[in-house]
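Below is one structure, written out as structure tokens; the observations come after it.
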Amino acid sequence: MTADSYLEGQLLLAMPNMEDPRFDRSVIYICSHSKDGAMGLVVNEIMPEISFAELLDQLDIEVSGEVADTTVFRGGPVEAGRGFVLHSADYVQETTLIVSETLALTATVDILRAIADGSGPQHSLLALGYAGWGAGQIEEEIKNNSWMTVRADDEVIFYTEPDDKWARAMAMLGIDLSMLSNEAGHA
């Protein structure tokens with residue numbers, strides 16, 4: 001696989017035949033992808049059991065004033081207690097991973113403080129946990145018709161309601177959802 005064929009900065013869309021129920025209708029932003037594997041964040045599954053204010057409290061992050069209403073997403077099943085912030089590239093720390101021209105990933109408590117006090121990135125998505133694949137695994141799953149890819153779109157990631165992200169991303173591919181089959185095969 002060449003560097004040009006890696007999926008970093010793309011959206012991964014679960015197909016209707018997804019065998020793993022944890023990823024049913026998932027939209028995943030691929031943060032890194034190499035010959036060694038891939039890592040991404042599910043950007044369309046909210047964690048209703050925890051609020052941003054509660055997360056800050058658990059991490060002993062003191063905030064003066066009212067905390068912004070920031071949605072917490074379930075980023076994936078791996079390291080579910082670890083936080084990641086996918087955000088606009090206008091905010092960069094020493095440990096920030098620049099994924100594309102417009103998007104970056106930061107996984108420190110400093111960005112949580114910055115978001116809480118209003119000095120963080122212009123756009124952000126906070127996720128607990130991530131989705132990960134070993135060497136060649138994501139490529140095999142794509143070959144087996146479990147996933148489709150589409151270029152990442154800030155509108156889908158940051159401004160679309162979570163329940164609408166999958167359909168909107170599929171529409172970017174020009175796919176009529178009623179025509180999708182649950183099975184791979186021939187016409």
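Computed from the coordinates by the stated procedures, all read-outs in this text should not be read as laboratory data. Quantities reported herein were computed from a predicted structural model and do not represent experimental measurements. Counting neighbours? That spans all protein chains shown, and the Cβs are built from the backbone with ideal geometry, glycine included.
Across q = 0.11, 0.20, 0.21 Å⁻¹, segment 68-153 modelled as identical point scatterers on its alpha-carbon atoms has Debye log10 I(q)/I(0) values of -0.36, -1.00, -1.06, in the order of the q list.
Test of understanding: ordering Glu139, Glu19, Glu45, Glu101 by Cβ neighbours within 10 Å, fewest first, what list do you get? All intermediate terms of the calculation are to be shown ahead of the outcome.
On the way: Glu139 17, Glu19 11, Glu45 22, Glu101 8.
Ordered from fewest to most neighbouring Cβ atoms within 10 Å, Glu139, Glu19, Glu45, Glu101 come out as Glu101, Glu19, Glu139, Glu45.
Largest GNM mean-square fluctuation across Ser51, Ser146, Ser26, computed for the chain with C-alpha springs under 10 Å, falls on Ser51.
Taking amide hydrogens as placed 1.01 Å from N in the peptide plane, the amide H of Gly136 sits under 5 Å from those of Gly37, each at least 5 positions away in sequence or on another chain. Computed over the chain, the P(r) curve from all C-alpha pair distances, binned at 10 Å from the origin, holds 9, 37, 35, 15, 4, 0, 0 percent per bin. Under 5 Å between amide hydrogens, built in the peptide plane, is the criterion, and for Glu8 it picks out His33 among residues at least 5 positions away or on other chains. Using Cβ point charges alone (K and R +1, D and E -1), the dipole size of the chain about the Cα centre works out to roughly 440 debye. Around the amide H of His123, modelled in the peptide plane, lie the amide H atoms of Ser88, all under 5 Å away and 5 or more residues distant in sequence or on another chain. Ordering Gly83, Gly65, Ser51 by Cα displacement along the dipole of segment 40-86 toward the positive end leaves Gly83 in first place; charges were set at the Cβ atoms of Lys, Arg (+1) and Asp, Glu (-1).
Find the relative contact order for segment 3-179 and round it to a whole percent, using C-alpha pairs within less than 8 Å whose residues are 6+ positions apart. Please report the intermediate quantities before stating the final value.
On the way: 342 pairs, mean separation 50.4, N = 177.
Rounded, it is 28 percent for segment 3-179.
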